[in-house]
Amino acid sequence: MNTVVIRNGKWLGFNTDVNGFLHPLRNLNKKISRCVVLGSGGASRAVLYGLMKRLVPQRVVLCARNRPAAQRLQGELRPVNREVEFIVDTLAAAEKYLPETDLLVNTTPIGMFPRNDEKPLKSLSTVKPDSIIYDLIYNPIQTLLLKEAEQCGRPTIRFNGFEMLIRQAAAAFQLWTGKDLPVDICSAALRRALAA
Ligand SMILES: NC(=O)c1ccc[n+]([C@@H]2O[C@H](COP(=O)([O-])OP(=O)(O)OC[C@H]3O[C@@H](n4cnc5c(N)ncnc54)[C@H](OP(=O)(O)O)[C@@H]3O)[C@@H](O)[C@H]2O)c1
């Protein structure tokens, strides 16, 4: 939950990260069958829910250093769609899934400012051509993971966390005020702030 609204004296909780995460993927004319999600924290939970509920891939692999947390997420989210195979593995094991992964999502803060020179995986050299590499980090705009995806010698589709950040904020703003967020104005202001 990242947004709370009081309606008729009742507290209602929402997670706008789910729609924020899905927004950049909405117009992709591409079947996402196999996904790898790195990290087992709050953002991972929203990403996994969105995948299980809306994209419905054949398989999701949750790779994390925190195995108990990953197993809790597995137990909690499996009932969302039991047709999706849900595997838990270590972060170090993630690379072995890359040759058959359509969507790789980094939900860890590895590579986030000020530790821009870090990355969650050693290498993307085995990544499947035309796979989607999605890093939730928005500062820097292009993480080392995304740079490597650009330079790995295979075509990839890349997303950073900027649009997700704006879209989850727009959804929260709508819940709080009933109004549309001026997305273009907010995006420009955020770009200026991140560049400063
Ligand atoms: N674009 C957006 O709108 C948006 C929205 C939400 C979050 N995010 C970004 O997503 C990232 C995670 O946010 P969160 O709220 O999910 O944080 P969180 O709840 O603290 O979860 C972070 C996850 O990453 C793991 N992790 C952290 N450092 C690690 C390391 N050095 N090696 C391996 N695993 C590590 C943590 O493992 P442990 O449990 O072992 O600590 C945990 O599973 C942040 O960069 C945040 O800015 C972006």
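None of the figures in this text is laboratory data; all of them are computed from the coordinates on show. What you see is a predicted model, and the numbers here were worked out from it, not measured in a lab. Glycine also receives a Cβ, built like all others from the backbone with ideal geometry; neighbour counts cover every protein chain displayed.
For this structure, a couple of remarks:
- Test: residue in region 155-175 that is free of Cβ contacts under 8 Å to residues at least 24 places away in the same chain, assigned to a helix (DSSP H, G or I), in contact with a strand residue (DSSP E or B) (Cβ under 7 Å, 6 or more places away or on another chain) and not polar (S, T, N, Q): no
- Selection count, region 99-110, where residues are of a type outside the set (A, V, I, L, M) and crowded, with 22+ Cβ neighbours inside 10 Å: 4
- Scan region 155-194 for residues that are of a type in the set (D, E, K, R) and over 12 Å from residue 138 (Cβ atoms) and the total you get is 5.
- Within region 120-143, being under 16 Å from the mean Cα position of the chain (by Cα) and either assigned to a helix (DSSP H, G or I) or under 16 Å from residue 108 (Cβ atoms) (or both) holds for 120, 121, 133, 134, 135, 136, 137, 138, 139, 140, 143.
- Subset of region 142-196 (residues that are under 18 Å from residue 112 (Cα atoms), of a type in the set (A, V, I, L, M, F, W, C) and within 14 Å of the ligand (Cβ to nearest atom)): 144, 145, 146, 159, 162, 164, 165, 166, 190, 194
Every residue, every condition in (1) in contact with a helix residue (DSSP H, G or I) (Cβ under 8 Å, 6 or more places away or on another chain); (2) buried (at least 20 other Cβ atoms within 10 Å of the Cβ), yes or no:
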| residue | (1), (2) |
| --- | --- |
| 134 | yes, yes |
| 139 | yes, no |
| 145 | no, yes |
| 150 | no, no |
| 153 | no, no |
| 161 | no, yes |
| 181 | yes, no |
| 185 | no, no |
| 190 | yes, no |
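- Residues that are in a helix (DSSP H, G or I) and of a type in the set (A, V, I, L, M) within region 70-97 comprise 70, 73, 77, 80, 92, 93, 94, listed in sequence order.
- The residues listed here are 66, 2; of these, the one that is in contact with an Asp or Glu (Cβ under 9 Å, 6 or more places away or on another chain), farther than 16 Å from residue 105 by Cβ, near the ligand (Cβ under 9 Å from one of its atoms) and not hydroxyl-bearing (Ser, Thr, Tyr) is 2.
- Any hit, region 42-54, residues being β-branched (Val, Ile, Thr) and either surrounded by fewer than 21 Cβ atoms within 10 Å (Cβ to Cβ) or on the phi > 0 side of the Ramachandran plot (or both): no
- Any hit, region 38-61, residues being among the polar types (S, T, N, Q), over 13 Å from the mean Cα position of the chain (by Cα), away from the ligand (no atom under 12 Å from the Cβ) and more than 28 Å from residue 139 (Cβ to Cβ): yes
- Only one of the listed residues (19, 8, 29) is more than 16 Å from the ligand (Cβ to nearest atom) and either touching a helix residue (DSSP H, G or I) at 6+ places or on another chain (Cβ under 9 Å) or under 21 Å from residue 132 (Cβ atoms) (or both). That residue is 29.
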